[in-house]
Amino acid sequence: MNPILRQIADFMSKRQSSAAIDPIEIRPSLLPYLYILEVETDATGRRRLRVRLTGTAIDRTFGRSLRGAHLDDFLHGPRSSDVLNGFLACAEHHTPIWMRQVVELHDKPPRYVEGIAYFMEPNLIYGGLMLGEVPGEDVGPSFESLAI
């Protein structure tokens, strides 16, 4: 696990609800990588995840603020359903999760997107997200996840 994500995971693992999270207690160096998702249920019972907050590093990665958007509106790629299902499983079972995906964006070298997610009562997912280059030439799209 990325060292920054490990620090975020250590912080989140000691909290059981969003009320227990005091932003002043979060190390400033971690704030650019944090996000908060709100778990919503529509009239048909379908769960959706709305972005409530993203750190500046995440905004920079996407080239814009994602605040207010639903994950299923902007996730794309061959493994995006795995990523979305990982977040939804975290929300349903309240089990923290680590995910890592290798993606190929246009004519750029492969990049990894690595993240953690912690469900917090009443209906929020807190986590961290990192993006970086993948060393090596023969790396294709992939996805892996683990409960943490």
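A short reminder: the numbers here are calculations on the coordinates, not readings from a lab. Treat the numbers as computed from the prediction; the structure is a model and nothing was measured. Every residue, glycine as well, gets a Cβ built from its backbone with ideal geometry; the counts of neighbours run over all protein chains shown.
Tabulated values for the structure
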{"read-out": "Rg to Rh, two decimals, where the chain supplies the alpha carbon set and Rh follows Kirkwood", "value": "0.95"}
{"read-out": "Choice from F11, F62, F119 showing the highest fluctuation, given a GNM over the chain with Cα pairs closer than 10 Å", "value": "F62"}
{"read-out": "Gyration tensor verdict on the stretch 1-54 (Cα atoms; rounded if a/c is under 1.5, prolate if a/b is larger than b/c, oblate otherwise)", "value": "prolate"}
{"read-out": "GNM result for the chain, Cα springs below 10 Å: residue of I125, I116, I26 fluctuating most strongly", "value": "I26"}
{"read-out": "Sequence-distant residues sharing a close amide H with R52 (under 5 Å, placed H)", "value": "I36, L37, E38, G68"}
{"read-out": "Computed [θ] at 222 nm, deg cm²/dmol, the chain (DSSP H ≥ 4; -39,500 (n - 2.57); rounded to nearest 500)", "value": "-6500 deg cm²/dmol"}
{"read-out": "The stretch 27-36 - phi-based ³J(HN,Hα) in whole Hz, Karplus 6.51/-1.76/1.60, Gly and Pro as x", "value": "4, x, 5, 8, 4, x, 9, 8, 9, 10"}
{"read-out": "Burial ordering of L84, L66, fewest other beta-carbon atoms within 10 Å first", "value": "L84, L66"}
{"read-out": "Antiparallel content of DSSP bridges confined to the chain, in %, to 5", "value": "95 percent"}
{"read-out": "Listed residues A19, A89, A57, most fluctuating in the chain (Gaussian network, C-alpha, under 10 Å)", "value": "A19"}
{"read-out": "³J(HN,Hα) computed for each position of the stretch 67-83 - Karplus, 6.51 cos²θ - 1.76 cosθ + 1.60, integer Hz, glycine/proline x", "value": "4, x, 7, 8, 3, 5, 7, 10, 5, 8, x, x, 10, 4, 5, 5, 5"}
